Structures are given as C-alpha cells and as structure tokens.
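What follows is a set of notes on a single structure, which appears directly below.
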2 protein chains.
Amino acid sequence: MTATIKDVAREANVSVASVSRALNGHGSMAEETRARVLQVAKRLNYAPNGMARSLIMRRTHTLGALLPELHGEFFSELIRGIDLAARSNGMHLMVSSSHGNAAEVATALQAMRGRVDGLLLMSPYADAGFLQQNLSDALPTVLMNTRMPGTGISSFSVDNYAAARAMVTHLVACGHRRIVHVAGPTENFDAAERRRGYEDALRALLPDQRPEVVAGRFTEESGHAAGARIAAMAEPPDAVFAANDSMAIGCLFALGAAGLRVPEDIAVTGFDDIPIARFINPPLTTLRVRIAELGRHAMERLVATVADQGNPRIETRTLEPELVVRASCGGDRTRKQTN
Amino acid sequence: MTATIKDVAREANVSVASVSRALNGHGSMAEETRARVLQVAKRLNYAPNGMARSLIMRRTHTLGALLPELHGEFFSELIRGIDLAARSNGMHLMVSSSHGNAAEVATALQAMRGRVDGLLLMSPYADAGFLQQNLSDALPTVLMNTRMPGTGISSFSVDNYAAARAMVTHLVACGHRRIVHVAGPTENFDAAERRRGYEDALRALLPDQRPEVVAGRFTEESGHAAGARIAAMAEPPDAVFAANDSMAIGCLFALGAAGLRVPEDIAVTGFDDIPIARFINPPLTTLRVRIAELGRHAMERLVATVADQGNPRIETRTLEPELVVRASCGGDRTRKQTN
DNA sequence: TTGTATGCGTTATCAG
DNA sequence: CTGATAACGCATACAA
C-alpha cells in the first residue's frame, strides 16, 4: 500500500495537520519539525493522494479536452498546442475522443464532471441547442470550432467560410475554370462551412460554372479515393480544392498515379497547412490555420477562466486562415486559358 | 453549484444511501422508490462526483499514459491505439508528455499517483535503475520501448536492433555499398538500438565500408537538414537509411530539391511505416511497426493487470518490424554496381 | 426495503 | 507552534 499522510504523521511523531503544513508551506512552524516531517515523507516515498486533495480543495488541476478524434496530423498539432498550454500552467490533461455524434459527447461530458476544472470542447457535430442543454455552467468551458450558443462561453474558431472563398478567388484569379471541391463529412460543421464558401464564391465569380463536389471524410484514404474518381471523370477539372490537406495529399498521389501532372494539368489545393505540406512535392497551396497556436490560445483562455472563476471574461476569437501559395499557377495557366 | 447526492436525496425524500443504491443498482429496493430517485436525479441533472467516487472506491477508472511526446505521426498513431483500448474498456485517458529526461518523468510519475489506476510508460530516456527506484509497485505499470528492469513489469517493445540489421541486409542485397544512416537523438534508446543494428550489420556485411552517421532528431525538419547535408557531400552515398519515416520523408524532399533522383541516384529507406508512407512519392521502403496495435496491446494488458490486481500476469512481448519494400531496387542497381 | 453511521486522504478551522 | 476535528461527496456494513 502507498504511504498516506497518516503514516508520515505517525513516523514523524506529529499530527496529520502538521504534515500537511510542512508539505504545503502554509502556516508557520518550527523549522526543526518541518525538516523532520519532510525527511520522513521522503523516506516513505510519500506522495499526496490526488483524489483526496481535489475533493477538499475543489480543484483537480486537470483540464479536459473533448475532441472528435485524436488521430491524424491535424489533431496531432492541436494536441501539441493544448498540451503545451496545459503543461506550462501546471495542469494535467485528460483527453477524450471519438465523439462522432451528440450522444457520445453528452456521455463524455457527464464522465468529466468532477474530474476536471475546465473543459475544452471541440464538437463539430453538436448544435447550439444541445450545448445549451448539456454544458454545466458550473464548469468553465471553452469552445473550439463549434456552433456557439452565442452567450456566456468563450469560443475560438476558424473562419472556414471566408477562407474557402479566398481559396476559390485565388484559383479563379489563376485562370482556373472547372474547380472541383473534395468535401469533408457532411455532418461536420467545419466541412459544411468550407463547402458553403466554395459554392458561394464559385457562383459569384463563375456564374456559368456549376459547383461540383466529391465526397470525402477528411482522411488521406478518402482523398486518395476522391482523386481516383476525379481522374476518371469524362473531362477532368483543371483544379481541385480539398477541404483539408490530408485529403489534398491523398488526392495528389492518386492524380499522379493516374498520369495527370500536378500542377500542369490540374491544380490541387488544401486547407490547414499541416506540417507535411511544407515538404510535399509537387508543392501544395493551402490555407494556413495555426492549429497548434489556436489550441494553445484556447487552453490559455481556459486556464484564465478557471483561475478567475467569479469573473469569467468571455473571449470570442475568430481566426482567418492565411493563403499560402506554394504552387506557381500564374502566367502559364492564364495564357493557356486565354488561348 | 453542481447538484450532489444530498440534493437528490432531499428532493426525492430518501436517504443518500438510497440514492446511491438506486444509481448503482446495488442492493434491492422498491421499484417505485428507485424510479422516483432516478427521475429526480435526471431532473437535477445530477452526475456523481468523480473524485469522491474514486476516493472511496479506490478506482479512478482512469489510465495514465506517460509519453516522451504527443506530437508527430508516430505518436498520433500510438495514441490512437491507446485511446481505442482505454475507451473500449470504459477507461478515461490521462496523458502526460515531454519527458525529455529522467527528472521530468519522475515529476510526472509523482503527479499521477492517486489519479490513475494504472500507467503506460514509454520513456526511451530512463534506464533500469531509475525505473526500479521510481516505479511504485502499488501502481500497475506497463512499459513500452523502455529498458526494462527485468522483473515484475509487463513490457512491450520493438526489436529495433534486429529490424535495423534486416534493413541494411536488404540494402546490401540490392547492391548498395555506401549506406549512410540518419540517426535519432543520441540519448534515445530506440535510436541507439537502430544505429547499433545499422553499424553491426554494415561491419558484418561490408567490412571494407566505414559506417557513416548523420545526426537527426526524429523530426521531418531534421531529416530535411540531414538530406541537405548528404546531398552536399563530396561523393554522395548510394543509399540512406533513416532511423524513422519522418526523417526519411524530410530527407527525400531535400535530396529531390538538390537534384538527386530517388531511387535512381540514391535509395532512401525509413522505419515505422507511418500512414503517409503509403502515399509518398517516390515510394518509401521502410520497416513496418504496427504502432497503433502495439499501443492497443499494451493498454489492453494494463487494463487486465488493473483488473487482476492480486494476480498480475507478466507479459513481455517483443515485436519485430516487417520489411516493407516499396521502392524497386533490384535489377538496375545490381547491374550498375557490377559494371 | 430503508436509514444511520463510518471512512476514503486531505486541507482548513479553531482551540490549546 | 501544534493538535483535534470537521468537512469534501460518495459507497457500504450494519441496524432498524
């Protein structure tokens, strides 16, 4: 059995109160006593029980992160930022994943109660009503990329719509006419926003072109499959805008395997700017979302909210991704089009 | 304030004991009472406090994972497996990272005490003595890729040495003579084993060749830098064996950017078979480590150990990575060498 | 079937 | 400066 505070007290011939004082540095006590207690504690390899401590202190020193998934480069980056912020603030991190639908989020939410001081929630599948109903207002919460209830909750999100429009605008400016969109899961809010941006921009800029969407699931595999389908089209498009980089990369390889040259025959662009995008060949034009930074900011806000308690300042930050043009698409393309 | 068991008891006109019974299904009670309690609990949106529950039950239903890092495709895969096993066994997951040295591991170990039912530890920087001293034998522990204390602790690891030898053997069989190794961090045990395998195999197979090692840090960036250095060598080698795929991929792009053709001029191979390796072009020959599966197995063992308690079966599994040959290197290469 | 009382390990309040 | 002792929220042996 692990040593408890009582064991230390007995061995050091003091009360448990004194042990607690010695360890936490509260109150004043004889230096001699303190030294003895500390020595015994070390000898017994004593470590305070987190549960008991949390129970009375009403602080678990743990922050929860409810994410739809843990897997893939996007979440890897996100977790990096989250972990960084948590750790640098002396907080533990509890992660929970695979919330493909609202019901699972509800369950996870319940399970976190009394285990964490605050919650970072990213749930692209839950709507405002659900959140309104399931979010305990006793538990400090920060939302990420989630349709916000509009009130009382800090929220960090990416302006998917505006960014998608920017990408389409860029492609059109490069002279592309038939631009296909490889979409994310239909129930996913981010995916829906990106698609909406694509469709609106296309209709506004190229009224004679009909938006054309190929389904994907945000994974490399699904991007690969989408690429294969695109390459097999009767008349392949001259540009592909994938809803995220993973799919863009999968698509890239599929198109290459099918004999299409990128970017000469067909341009491919993505969304996120995940680390691998820097190295991929042919170069990938994409929309840079500083994922890790976004996660870190959200977590920092959560820490502040937990610390403030009485005075929770609401922060709503919307980040517009930055267009990163890596593939050259200017001169040649335009000329080819105007010919 | 969040509702407690007392609130439910008061509202339902029963004792807290009855509420507890109703919720946990223990003991027998009038169906009518149970229904009333459950209804009140739902109305009050009551959820048991995890801390208090853990304190008395002596089970936190939480498993801890101490990893050197959370970032990158390798850990992304690992976490996937870990999370999968934890969740499918109804366990919460607490992660802790960035243990670049033994001291940090010790701190993290302390912090986990009393917060988790069991620990999955991957610490390529800690040695047997350290573990012997810091691992509480009260806390079920499973080791991953860690020099084992040899006794009493389940351990799952990759046979880095044998795999590295296999890779060198393959390269030599393909006709390569000057094989450079891009190593991982020197203090990292996995990295050291892979390097040892490379050196031993090279000395055994090609006694006239001197092992040549370029430093790396397991990251894509460091692989890229290593590739640049290799391309700049007076007489570039005809093969590169990187200690992991991330570096191999970074290296690949750097070599390509420097005008070297892969695999015609120089072969590049890696270690891990991370997901992206399937799509990369030119194809990457690598050593497949079923990372997610390894994580899942380790976690399953941990769950079993936690459940057994009195009778902890020790399981030591060593996984030998499988050679995945994606790049063709047979005919041409051999001919070129023999000319 | 139900309620009372005790304890889990800790911190905090109050006397001494 | 130190030691009892009461919480914290919950589960359970025991009594009713």
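Among B:Met57, A:Met247, which comes first, second and so on when ranked by fewest other beta-carbon atoms within 10 Å?
By the 10 Å Cβ count, ascending: B:Met57, A:Met247.
Select from A:Gly197, A:Gly152, A:Gly227 the residue whose mean-square fluctuation is largest in a Gaussian network model of chain A (Cα-Cα springs shorter than 10 Å).
A:Gly152
Hey, any idea what Rg/Rh is for the protein assembly as shown, computing Rh the Kirkwood way over Cα pairs?
1.02
Regarding chain A, what whole-number volume in Å³ per residue does the convex hull of its Cα atoms give?
Residue-normalised Cα hull volume stands at 166 Å³.
Within the range A:253-296, which residues have the backbone N less than 12 Å from the label spot 7 Å out from A:Arg178 along Cα→beta-carbon, could you tell me?
A:266
Once Rh for the range B:86-191 is found with the Kirkwood sum over Cα pairs, what is the Stokes-Einstein diffusion coefficient at 25 °C and 0.890 mPa s, in µm²/s?
Translational diffusion coefficient: 153 µm²/s.
Take A:Glu69 and B:Glu293, extend 7 Å from each Cα along the Cα→Cβ direction, and tell me the distance between the two endpoints in nm.
2.1 nm
Suppose R0 equals 45 Å. What FRET efficiency, 1/(1 + (r/R0)^6) with r the Cβ-Cβ distance, do A:Met29 and B:Ala30 give to the nearest 0.05?
Here the calculated transfer efficiency is 0.25.
Which angle between 0 and 90 degrees, to the nearest 10, do you get for helix B:291-308 versus the longest principal axis of chain B when only C-alpha atoms count?
Value to nearest ten degrees: 30.
Hey, got the dipole for the range B:5-57? About the Cα centre, +1 on K and R Cβ, -1 on D and E Cβ, debye to the nearest 20? All intermediate terms of the calculation are to be shown ahead of the outcome.
On the way: 8 positive and 4 negative charges, 19 e Å.
Dipole magnitude for the range B:5-57 comes out near 100 debye.
Compare the Cα positions of A:Leu202, B:Leu171, B:Gly129 along the charge dipole of the protein assembly as shown (+1 at Cβ of Lys, Arg; -1 at Cβ of Asp, Glu; about the Cα centre) and return the one farthest towards the positive end.
With unit charges placed on the Cβ atoms, the residue in question is B:Gly129.
What is the mean number of Cβ atoms from other protein chains located within 10 Å of the Cβ atom of each residue in peptide A:95-101, rounded to a whole number? The partial results should precede the final answer.
On the way: counts 10, 5, 7, 5, 0, 0, 0.
If you average over the peptide's residues, the count of other-chain Cβ atoms is 4.
Taking R0 as 41 Å, what FRET efficiency do you get between B:Asp159 and A:Glu221 from their Cβ-Cβ distance, rounded to the nearest 0.05?
0.90
Can you run the Rg to Rh ratio on the range A:5-57? Use alpha carbon positions and the Kirkwood inverse-distance Rh.
Answer for the range A:5-57: 0.95.
Copy-to-copy spacing for A:Ser15, label 7 Å out on the Cα-to-C-beta vector, in nm, shortest first?
3.1
Kirkwood Rh, Cα Rg: Rg to Rh for the range B:85-133?
When Rh is taken as the Kirkwood radius, the ratio is 1.00.
Determine the dipole magnitude for chain B: charges of +1 sit on the beta-carbon of Lys and Arg, -1 on that of Asp and Glu, nothing else is charged, the reference point is the Cα centre, and the result goes in debye to the nearest 20.
920 debye
At 7 angstrom along the Cα-to-beta-carbon line, where would the label on A:Gly100 sit relative to the other copies? Give the distances in nm, shortest first.
Shortest to longest, the spacings are 3.9 nm.
Across peptide B:68-80, what mean number of C-beta atoms from other chains lies inside 10 Å of a residue's C-beta?
Rounded to a whole number, the mean comes out at 5.
Per the helix-only calculation at 222 nm, which mean residue ellipticity applies to chain B, given -39500 (n - 2.57) for every DSSP H run of n ≥ 4 and division by its residues, nearest 500 deg cm²/dmol? Let's see the in-between values first.
Values: 13 runs with 154 residues, N = 339.
It comes out at -14000 deg cm²/dmol, rounded to the nearest 500.
Helix B:160-173 versus the longest principal axis of chain B: what is the Cα-based angle in degrees, 0 to 90, to the nearest 10?
For helix B:160-173, the angle is close to 30 degrees.
Could you work out how far apart the two model spin labels at A:Asp208 and A:Arg59 are, taking each label as a point 7 Å from the Cα in the direction of the beta carbon, and quote it in nm?
6.7 nm
Two decimals is fine: what is log10 I(q)/I(0) at q = 0.18 Å⁻¹ for the range B:173-228, from a Debye sum with one equal scatterer on every Cα and no solvent?
Values, matching the q order: -0.63.
Only bridges with both residues in chain B count here: give the DSSP antiparallel percent, nearest 5.
Rounded to the nearest five, the antiparallel share is 10 percent.
Would you calculate the volume per residue, in Å³, of the smallest convex hull containing every Cα atom of the range B:38-118?
Numbers: hull volume 9.9 nm³, N = 81.
It is 122 Å³ per residue.
Would you work out the charge dipole size for the range A:191-310 about its Cα centre, treating the Cβ of every Lys and Arg as +1 and the Cβ of every Asp and Glu as -1, and quote it to the nearest 20 debye? Numbers along the way, then the final one.
Details: 13 positive and 17 negative charges, 36 e Å.
Charge dipole, the range A:191-310, about its Cα centre: 180 debye, nearest 20.
Under a plain spin-label model, where a point goes 7 Å from the Cα along Cα-to-Cβ, how far apart in nm are B:Arg326 and B:Val16?
5.9 nm
Arrange B:Met299, A:Met144 by Cβ neighbour counts within 10 Å, fewest through most, would you? Display every interim value, and only then the final one.
Values: B:Met299 28, A:Met144 24.
Ordered from fewest to most neighbouring Cβ atoms within 10 Å, B:Met299, A:Met144 come out as A:Met144, B:Met299.
I need A:Val14, B:Val142 ordered by Cβ neighbour count within 10 Å, fewest first.
Lowest count first: A:Val14, B:Val142.
Could you tell me how many degrees, from 0 to 90 and to the nearest 10, lie between the Cα long axis of helix A:73-88 and the main elongation axis, the longest principal axis, of the Cα atoms of chain A?
Roughly 30 degrees between the two axes.
In the protein assembly as shown, what percentage of the DSSP-assigned beta bridges are antiparallel, given to the nearest 5?
Bridges in the protein assembly as shown are about 15 percent antiparallel.
Measure out, as a whole number of angstrom, how far apart the alpha-carbon centroids of the range B:55-129 and the range A:1-69 sit.
Centre-to-centre distance over Cα atoms comes out at 22 Å.
A short reminder: the numbers here are calculations on the coordinates, not readings from a lab. For clarity, every value in this text was computed on a predicted model and none was experimentally measured. Positions of Cβ are backbone-derived with ideal geometry, glycine not excepted, and every protein chain shown enters the neighbour counts.
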